[in-house]
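Engineer: Questions regarding the structure given below will be posed in turn.
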Amino acid sequence: MAYLPQPFDPDAAVFTVSVAASLADMHAQTLRGYDRLGLVVPVRSRGRGRRYSLRDIAKLRHVQQLSQEEGINLEGIRRILALEAEVDGLRGQVEHLTEALRAVQSSPLAARLFTAESSGAVHRGRFRPTTPPALPYRPA
């Protein structure tokens, strides 16, 4: 019986600069420049060498696509990456809150809960979500 390896961790920092550059189809100096600019910052090994993960390589390819195909400058790319990271964080929060809400709703105590809408309507028992009002746009 053959033993298969465990699934590869996409965050495992295992690739050197030269290997990561080859996988991302870039020059190693470009990766070093992106590191200095804070666009794609790899983990440092004990000897201070850069180690890239599969997630880092995907991010490098994303940066390259934004730069070469979309014509976005590096500052624009930095802002896009920051916004994408913020969206990912917010999605994680929504998932966490959704799980917490499900746990509360499935609790035996949920029958003793009630909610009130801004219109004054009261709901007893299970929470009945309504469509939340749109939030005003506030630029950062």
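Engineer: If you scan region 75-101, which residues turn out to be exposed (fewer than 11 other Cβ atoms within 10 Å of the Cβ) and of a type in the set (Asp, Glu)?
Structural biologist: Within region 75-101, Glu75, Asp88, Glu95, Glu99 qualify.
Engineer: Conditions first: (1) hydrophobic (A, V, I, L, M, F, W, C); (2) without any contact (Cβ under 8 Å) to a residue 12 or more places away in the chain; (3) touching a Lys or Arg at 6+ places or on another chain (Cβ under 6 Å). Ala13 passes all but one, so which condition is the exception?
Structural biologist: It fails just one condition, (2).
Engineer: Taking region 52-109 as the region of interest, how many residues are touching a Ser or Thr at 6+ places or on another chain (Cβ under 8 Å) and under 21 Å from Ala12 (Cα atoms)?
Structural biologist: Total meeting the criteria: 1.
Engineer: Another question about this same structure. Of a type in the set (Ser, Thr, Tyr) and assigned by TED's automatic domain parsing to the domain that holds Asp25: is that true of Ser106 in this structure?
Structural biologist: no
Engineer: Moving on to the next point. Which ones in region 32-71 are over 21 Å from the mean Cα position of the chain (by Cα) and surrounded by 16 or more Cβ atoms within 10 Å (Cβ to Cβ)?
Structural biologist: Arg50
Engineer: Those residues that are touching a strand residue (DSSP E or B) at 6+ places or on another chain (Cβ under 7 Å) and farther than 17 Å from Leu74 by Cα, I need them from region 24-52; list them, please.
Structural biologist: Pro42, Val43, Arg44, Ser45, Arg50, Arg51, Tyr52
The values are calculated or read from the model by the stated rules, or taken from the named source; none is laboratory data. Since the structure is predicted, the reported quantities are computational estimates derived from the model, not experimental observations. In this analysis, Cβ positions are derived from the backbone assuming ideal geometry, glycine residues included, and neighbour counts consider all displayed protein chains.
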